[in-house]
Amino acid sequence: MVPSENNSFPSSQSASDDNMRSALPINDARQMLDALCWQVEMGADEAIMDTPDLGSDKGITDNGAEQAANAQANTPTDTNLPNQGVTDGPAKGGSEATKIEALDVSRCQTLVELRQAAASYDGSDLKRTATQIVFADGDPASDIMFIGEAPGADEDRQGKPFVGVSGQLLNRMLLSIGLHRDQIYITNMILWRPPGNRTPTAQETAQFMPILRRHIQLVAPKILVCLGGAAAKALLATDMGILKLRGQWHDFDAGEGHILPVMPTLHPAYLLRSPQQKALAWKDFRQIAKKIEEIQS
Ligand code: URA
């Protein structure tokens, strides 16, 4: 997810103090709640195992805090790396490329088949911590396909993209150009919620890219809209930031000679935190409205 600028992370001093505190036996309810809140703040908001693993260095220790801080700072650690899937580069901390099996979605001929293939794909650790797959919403016959970053907590619970506060803002943005949410198709780059809403790693993005590409081919929209930098960078295979990419049409090669216009725009979650930027998003949405008029005339 797009990290909140309001996130305040404890300093390393206070993090280690808190670690010491959570290593002591906790026997009052207030302390227990305090410790739990601290873990949630650090991104440890999912129970992965039935029992706590306090003995290993992957438990809630200094190392755990470091992993959580890295995840929040969008710096993947080895424990974020999936144990199978598609990789396109060396694993962090080693020069050897990790060759892990790709999910072959080229044979999926329908969205139902693609959804089934994605749902049964075990190559991403995200599946272990998420509640369910968040595949897509809206009209699969629409000419306009929106692509977000990854599901958040509300989406994870409901199994649909953009149903939380960002989704509510997106609905209003769509209405501002005369579109109801049912008239577009919407998905995310990543189909399972990253724990603690951390930004997906480069490897996770690479892993889900073949699914997204096939998704686009099967929906066959006439316009793509990327919500936020993560989706835009992945789709356009660039390192450029969203503030540079937005506001202009780019090309996405969907294969078999289909080049689709892509408008990267600001993510609604970012706009909720930086409302002064809504004017930029409004400009982008005007361009989207103009393009819709063109393709429909
Ligand atoms: N943010 C996203 O990028 N996708 C969602 O589905 C919800 C919030």
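The values are calculated or read from the model by the stated rules, or taken from the named source; none is laboratory data. Please read all numbers here as calculations on a predicted model, not as lab measurements. Cβ coordinates were reconstructed from backbone atoms using ideal geometry, including for glycine residues, and neighbour counts include every protein chain displayed. In case anyone asks, the SASA skips ligands and DNA or RNA and just uses the protein heavy atoms, side chains included. Shrake-Rupley method; radii C 1.70, N 1.55, O 1.52, S 1.80 Å.
Among residues of segment 219-238 that are on the phi > 0 side of the Ramachandran plot, those with a Cβ under 6 angstrom from a residue that is within 16 Å of the ligand (Cβ to nearest atom), sequence gap 6+ or separate chain, pair up as G228/V2; G228/E149; G228/H267. At pLDDT 95 or above, open to solvent by less than 10 Å² (accessible area, probe 1.4 Å) and within 13 Å of the ligand (Cβ to nearest atom), is that true of I147? Yes. Scanning segment 166-213 for residues that are on the phi > 0 side of the Ramachandran plot and within 15 Å of the ligand (Cβ to nearest atom) returns G196, N197.
Here D104 clears all of (1) farther than 26 Å from M263 by Cα; (2) within 14 Å of the ligand (Cβ to nearest atom); (3) assigned to a loop (DSSP other than H, G, I, E, B) except the condition numbered (2). Inside segment 263-285, can you point out the residues that are in contact with a helix residue (DSSP H, G or I) (Cβ under 9 Å, 6 or more places away or on another chain) and open to solvent by 50 Å² or more (accessible area, probe 1.4 Å)? Answer for segment 263-285, where residues must be in contact with a helix residue (DSSP H, G or I) (Cβ under 9 Å, 6 or more places away or on another chain) and open to solvent by 50 Å² or more (accessible area, probe 1.4 Å): L272, K278, W282.
Number of residues in segment 150-160 that are open to solvent by less than 30 Å² (accessible area, probe 1.4 Å) and either out of contact with any Gly (no Cβ under 6 Å at 6 or more places or on another chain) or on the phi > 0 side of the Ramachandran plot (or both) equals 5. Flag: Q287 does not match the condition of being more than 22 Å from P151 (Cβ to Cβ) and either free of Cβ contacts under 8 Å to residues at least 40 places away in the same chain or in a strand (DSSP E or B) (or both).
Residues in segment 242-262 that are over 20 Å from P210 (Cα atoms) and open to solvent by less than 30 Å² (accessible area, probe 1.4 Å): L245, G247. Within segment 114-144, the set of residues being away from the ligand (no atom under 12 Å from the Cβ), in contact with a strand residue (DSSP E or B) (Cβ under 7 Å, 6 or more places away or on another chain) and assigned to a loop (DSSP other than H, G, I, E, B) comprises D139, P140, S142, D143. Of the residues making up segment 175-206, not one is open to solvent by less than 10 Å² (accessible area, probe 1.4 Å) and in contact with a Lys or Arg (Cβ under 6 Å, 6 or more places away or on another chain).
Restricting the first member to segment 151-177 and to residues that are under 20 Å from P140 (Cα atoms), and the second to residues that are part of a helix (DSSP H, G or I) and near the ligand (Cβ under 6 Å from one of its atoms), the beta-carbon pairs closer than 6 Å and six or more apart or on different chains are P161/E155; V163/E155. Residues in segment 150-163 that are assigned to a loop (DSSP other than H, G, I, E, B) and more than 6 Å from the ligand (Cβ to nearest atom): G159, K160, V163.
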